[in-house]
Each structure stands twice: as C-alpha cells, then as structure tokens.
Amino acid sequence: MTPKTLHQLFERSCDKDSFAPALSWKANAHSYAQVESAANQIANRLLREGIQRGERIGLFLDKSPAAVAALYGILKSGAAYVPLDVRSPIKRISHILGDCAIRALITSSQRLAQLSADPAFAGLRQASSIAIITLDSDFPTSAELDSSNDRPNIAVNENDLAYILYTSGSTGVPKGVMLSHRAGLSFVTWAAEYFGLSANDRVSSHAPFHFDLSTFDLFSTAAAGACVCLIPSNIMLFPHSVAEWMASEKISVWYSAPSALTQLLLRGGLEQMAFPNLRHVLFAGEVFPTKYLKQLQALLPQVACHNLYGPSETNVCTVWSVPSTPLAGEDAIPIGRACAALEVMALNESGQLAQVDEVGELYVSGPGLMLGYWGQPEKTEAVLGAHPLRPEGQEKAYRTGDLVKLSADGNYLFLGRRDHQVKSRGYRIELGEVESALLGHPAVAEAAVLAIADDEAGNLLHAYVAFKEGPLLNELELATFCRKTLPPYMVPAQFHILQSLPLNANGKIDRARLRDANS
Amino acid sequence: MNQDQIKADVLKYLKSVISTELLPAELSDDFPLLESGAIDSLELFKMIAHLEDAFGIEIKPEEIVPDNFSTVHSIIEIVHRHLP
C-alpha cells in the first residue's frame, strides 16, 4: 500500500526491517522497532487524553530521540505537530501556543518550568485544558508514558493537517504555515528517490524541527528505511566538532543551510579529515556564495552538491544539481528547475509568462502547497489564489514574492525579494517584525532594520534607531530588549543610534541612504 | 599576565555582549555558557576574535571545541595556555 501519511512512511520501513537503525544519537543506535514502540505509546497516551484528529500539539523539546518519537506519536494520534524553537523567548512561545490553540504540549520538566514563568502561558492553561506530557530522558521510558505500544488505528486522511511551521510575520507577529500530509509526502518521497536514498544511508539532522529542512532529514530518511543522525546541540556551534561528528557518524547525506557549510569550510578543518561515506551535500534556505561552493567541490570531489529552493509554504520546489566538473566564474548559482511533481512559473508585471532573461515573480502550483496560514484567511488569500495560467480550474498557485529570471538552459536564477523579507543563516526574517519589536520600546521614536550582505551569515541585520526625548539606551540594552520578544536569529547584529532617520521625498524612511552610510 | 587579569577581561567582554538576563549577576567560573543558550555561533566567533586580539594569541580551529569554551574557567585556561 502506498503511504498516505508521513507516519506511514516510517511504519512501512519498520514493517520491512524493524531491527534496522532508525536514528543515531551520541553513538547509540535506536531501531525502527524501538522508535515505533515509543511513538505508539505517545500516540496512545494522547488518545487517552482525548486528543481528536486535526488538533494541534506543541512540541517544545530539545532535539533528541524523545523529540523524534514524540513527533511520530503526534502524527499517529491523528493530530498535527507544532514544533517550537527552544531558543526563542518564552513570550513568543506562549503567543504561538495560544495562536493555534494547542490541546496538548510535549515538553521536558526543565522547559515546562521556563514556560510556566510566563504569565501568558499560565493564563492559557487556565483558560483551556492543555494536556501536558513531560519527557525527561533522551529516549522515552515506558514509565513516563504508561500506555500501550500497539500501533493505534486512527484514520488519517492525506489532506489532514500534519504540522504547522511558524515563520516571521511582517506585521510583528509570527504566522503559522499549515502543511498537510500530502504536501509533506510530495517533497519527501520525491527527494528519497531523487537522491537514491537506501537503508544503508546515514542522513544528518542539522536543522531544528521548526525549520522546514528537517522534513527531509526525518521523513525522506524514514521513507528509505535509512538512519537519521541527530547532531547533539552542544557541538552545533563548533564547526570542528561537527566535522569530526560527521566523520565518526559516517554521514552519507548532509543537508543544511549554506551558512553552516561555510562555517565547516572556514573553521571545520575539513582538509585534514576524510569523509569516505559522504555521497550528497544538500543546501537550502539562502544563496550559497559561489566561491565557497567551489572550495567545497575542490575539497570533496567525490560528493554531489545540490542547491534546493523553496519557501515553507511549498517546501522545496526547485533543485539545481551542481555539475561534477568544477564551476567556472563567480556568478551566482541558479536555483534550478521544478521538482517533486510541482509546477513553477515566472510571471512578469503584466501577469504574462516571463520570457527567457525577463524578470518575473515566481509562482508554484501542485501537491506541495500549504493549506494556508493558521487563522489568517485574508493573508492566505493574498498569496494562494487561482492558477494564473488556468484560472478557470480548481488548481491553486502560491505567489512566492521571489523575483527570478529564467535562463536559456531552463534553470531559474533567484534575484531577490519584492518586499522586505530577508534570509539570515537560512532563516527567513520579515524586517517589519524586527522593526515593530524595536518600536515596542517606549523610548524608541523611529526604527529601521536593514539586511547587510555578509559572506558567512548570508546577511547580518543592522538596526537604525532614533530615540524620543528621555533616557537613551545603549546597544546592549537594545539587544537585550529585542531578545525578550524575538528569537536569537532575528536580533540585529549591530545597532546604529541616530538623531533621526533620513527620509526620502515621499516622507518614508530612506533605506538607500542608510545602506550607503553603512558601506 | 596572570589568570586574574585574563578573567577580568573575559568577564568584562562577556558582560558587554551578552544580555544580563541570560547571565547571573555574579558570573561564576563554572556557569554553563553554552547550555544556557547565552552564546550563539556568531557571538562565539566574535569572542574568539576578541581574545586573539586582546591577548595576541592564535586559537587553532581544532581547539574551538565545546570543552574549551563551556565555562569562564575553560576560556581562561585556553587563553593562559597560549600566552608566552
């Protein structure tokens, strides 16, 4: 039977070879049967708590085998998982939990204590009944779960909601991108096939679960009956340790944002190590500088490199596999062509298909599209509309806001954004959200945030702030204030304090002048 | 330069870049800097660049591992080892 849901991919591999390693963590392997048993117990526990199909369940756990089992447990119960960033401020976490009305939360005692210190979370628990499951071991124990390990028999439809990923919102609050099982399957099954994953593969899990790259790490790996290797959080900051981990874990497929690869190249000591098992390096989330890609090719000539592109709303929708011959020149690499049964097209300003070399906005259509933004029908409607070339039909298309150009060889080139959304270290950031966080301080009169290109991070955020009369804040105080509401990757790396912000002829903040002042 | 002088510089630096909410008022030598989430990757490499400048030392990539940066104490140790 062809799997109709993401957890059925895992179950199919488990039924095929239950003793095969499903995940590796700190040099310990856990078999498909072990992970399946823990996931079943979590699902049965959720069902006992009265969880209904389609309800949302928060996953607020550090990356660990327990988090993987919890994620499958949530899907098996028929509910959808909402992965939360453990490094985000608790205010933001409480906001997300309230926004999507979670019915249960899977967390650890330590993380729960942090969360409980937030009055908004306490209020949420009082106002609605939220079942709390705490998992404190790296691998869940039967004592923690106290339920049957039989596979639950819950009917889940492929169009059911599978997970919600919260991304930066331009108006100051994060928005939840809803993905169905069908949307997830469309990418992960394509990827398992395209990269020829087999039960012998060992796939790195670098991205956190609230980042859409993690769907490949988890589900494409499960589809192939392969082993996902979770990078322990204590070594994530240390490129040399990550490189040693890659070698000792015998990683065969690596997937991360380009900035993590740049760190490995610059500081990982790769030239002194050997990676005989490594077959594929995949990267997505931002533009990988060509000079670093060439260095990577020179260091690892036997490895195939692939540039994947796609917003959370569609998951990966184009791929460009880097030719095995060394790249010439320094031109930006293309994002490639449509993949995973998706259709991509660029429309020019008059809504016509853009010609070769003409700038257009990229639209995506097909089974990978999101269901919408949680609780925001107007925002959904603004980007998810009728298919621009076949408007009379039922098909929908997602308007990405990304400007592209089709080359004569059939590959798309990414040119930039139509709006103020930027990427930094693979994360997508709405500059408006950072600006509204700054304007939330009573002493701040004006604020503008710019992304300044940076070789290593992709972009660094620079904030320009002018104060009202009264107490001035220094840079550290501004950063501290931002950390209360924004996740670390959205906190500006530099603050510039000005008397007032320059305005253009229309009375708007003159961003071009700010940018010039910076260079 | 002795360990106390190194410590004074390291503490001053950490307090200038890390939010006070993430650090205890009295930063002890064995406070877990990495586990607490007080430092991210950009900050880590900025701090290493600062240590190299301030003390005229060079920290090799293979020394940039969790054991050498997990606490104030371990940072003092690695700086001290490199001083002539």
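Set the Förster distance to 35 Å, then compute FRET efficiency between A:Asn28 and A:Ile497 from the Cβ-Cβ distance, nearest 0.05. List each step's numbers first, then the result.
Values: r = 50 Å, r/R0 = 1.43.
The pair A:Asn28/A:Ile497 has a calculated efficiency of 0.10.
Accessible area lost on pairing A with B, both sides, 1.4 Å probe, Å² to nearest 100?
1800 Å²
Going down the list A:Lys91/B:Lys46; A:Lys63/A:Lys396; A:Lys26/B:Lys7; A:Lys468/A:Lys508; A:Lys26/B:Lys15, which pairs span over 25 Å between their C-alpha atoms?
A:Lys91/B:Lys46; A:Lys63/A:Lys396; A:Lys26/B:Lys7; A:Lys26/B:Lys15
Of A:Gln355, A:Pro258, A:Ser241, which is farthest along the charge dipole of chain A in the positive direction, counting Lys and Arg as +1 and Asp and Glu as -1 at C-beta?
Of the listed residues, the answer is A:Ser241.
Just check the range A:437-519 against the gyration tensor rule for me: Cα atoms, a ≥ b ≥ c as the square roots of the eigenvalues, rounded for a/c under 1.5, and otherwise prolate or oblate depending on whether a/b exceeds b/c.
oblate
Give me the percent of the accessible area of the range A:111-265 that comes from carbon and sulfur atoms, probe 1.4 Å, all protein chains in place.
In the range A:111-265, the share of accessible area belonging to carbon and sulfur is 49 percent.
Which residues of the range A:249-274 show a drop of at least 50 Å² in accessible area when all protein chains are present, compared with their chain alone (probe radius 1.4 Å, heavy atoms only, ligands and nucleic acids excluded)?
A:Arg267
State to the nearest 20 debye the size of the charge dipole of the range B:22-72 about its Cα centre, where the only charges are +1 on K and R beta carbons and -1 on D and E beta carbons.
Values: 2 positive and 12 negative charges, 27 e Å.
Its charge dipole is roughly 140 debye.
Please give the solvent-accessible surface of A:Trp190 in Å², to the nearest 10, using a probe radius of 1.4 Å with every protein chain present.
50 Å²
Mind running the shape call on chain B? Use the C-alpha gyration tensor, a ≥ b ≥ c as the square roots of the eigenvalues: rounded below 1.5 for a/c, prolate if a/b tops b/c, oblate otherwise. Write out the running numbers ahead of the final one.
On the way: a/c = 1.63, a/b = 1.32, b/c = 1.23.
Here chain B falls in the prolate category.
Compute the distance in nm between two label points, each set 7 Å from the Cα along the Cα-to-Cβ direction, one at A:Arg279 and one at B:Ser28.
5.0 nm
Modelled label-to-label distance, A:Ala122 and B:Lys60, 7 Å Cα→beta-carbon offset: nm?
Distance between the two pseudo-spin positions: 5.3 nm.
Work out, step by step, the length gained on full extension between A:Thr171 and A:Glu477: first 0.36 nm times the residue separation, then minus their alpha carbon distance; give nm to one decimal.
Between A:Thr171 and A:Glu477, full extension yields an extra 107.8 nm.
State to the nearest 20 debye the size of the charge dipole of chain A about its Cα centre, where the only charges are +1 on K and R beta carbons and -1 on D and E beta carbons. Please list the in-between numbers first.
Working: 43 positive and 52 negative charges, 113 e Å.
So the magnitude is around 540 debye.
Find how much the distance from A:Thr290 to A:Gln376 grows on full extension, using 0.36 nm per residue of separation minus their present alpha carbon separation; answer in nm with one decimal.
That works out to 27.1 nm of additional length.
Long-range amide H contacts for A:Val444: which residues qualify at under 5 Å (H placed 1.01 Å from N, peptide plane, sequence gap of 5 or more or a different chain)?
Close amide H contacts, sequence-distant or interchain: A:Lys468.
Per q in 0.10, 0.11, 0.13 1/Å, what log10 I(q)/I(0) does a Debye calculation on the alpha-carbon atoms of chain A return?
-0.82, -1.01, -1.42
Output the relative contact order of chain A, whole-number percent, from Cα pairs under 8 angstrom with separation of 6+ residues.
The value is 12 percent.
Provide the percentage of antiparallel DSSP beta bridges, counting only those with both residues in chain A; round to the nearest 5.
60 percent
Roughly how crowded by other chains is peptide A:230-242, in terms of the mean Cβ count from those chains within 10 Å of each of its Cβ atoms? Before the final figure, lay out each step's value.
Details: counts 0, 0, 1, 3, 6, 3, 4, 12, 10, 5, 6, 5, 0.
Across A:230-242, the average partner-chain Cβ count within 10 Å equals 4.
Over all directions, how big on average is the projection of the convex hull of the alpha-carbon atoms in the range A:299-404, in square nanometres?
8.7 nm²
Counting DSSP beta bridges with both partners in the range A:1-138, what percentage is antiparallel, nearest 5?
Restricted to the range A:1-138, the bridges split so that about 25 percent are antiparallel.
Mind ordering A:201-210, A:492-501, A:230-239, A:375-384 by average Cβ neighbours within 10 Å, highest first?
Put in order of decreasing packing, that is A:201-210, A:230-239, A:492-501, A:375-384.
For the range A:373-456, what class follows from the C-alpha gyration tensor (a ≥ b ≥ c being the square roots of its eigenvalues): rounded when a/c is under 1.5, otherwise prolate if a/b is larger than b/c, else oblate?
oblate
Roughly speaking, what % of Cα-Cα pairs in the range A:1-157 are separated by over 29 Å, rounded to a whole number?
For the range A:1-157, the share of Cα pairs beyond 29 Å comes to 16 percent.
I need the calculated FRET efficiency for the pair A:Asp409 and A:Thr141, taking r as the beta carbon distance and R₀ as 51 Å, to the nearest 0.05.
Step by step, r from the Cβ atoms, then E = 0.40.
With the other protein chains left in place, how much accessible area per residue, in square angstrom, belongs to the protein assembly as shown at a 1.4 angstrom probe?
Per residue, the protein assembly as shown has 42 Å² of solvent-accessible surface.
Subtract the Cα-Cα distance of A:Ala101 and A:Ala341 from 0.36 nm times their separation in residues, and report this length gain in nm to one decimal.
On the way: separation 240, 0.36 × 240 = 86.40 nm, distance 3.28 nm.
Stretched fully, the A:Ala101-A:Ala341 segment lengthens by 83.1 nm.
Dipole size in debye (nearest 20) for the range A:394-470 around its Cα centre, Lys and Arg Cβ +1, Asp and Glu Cβ -1?
260 debye
The values are calculated or read from the model by the stated rules, or taken from the named source; none is laboratory data. Remember, it's a predicted structure, so these values are computed and weren't measured experimentally. Counting neighbours? That spans all protein chains shown, and the Cβs are built from the backbone with ideal geometry, glycine included. The area values use the complete protein model at the heavy-atom level, side chains included, leaving out ligands, DNA and RNA. Shrake-Rupley method; radii C 1.70, N 1.55, O 1.52, S 1.80 Å.
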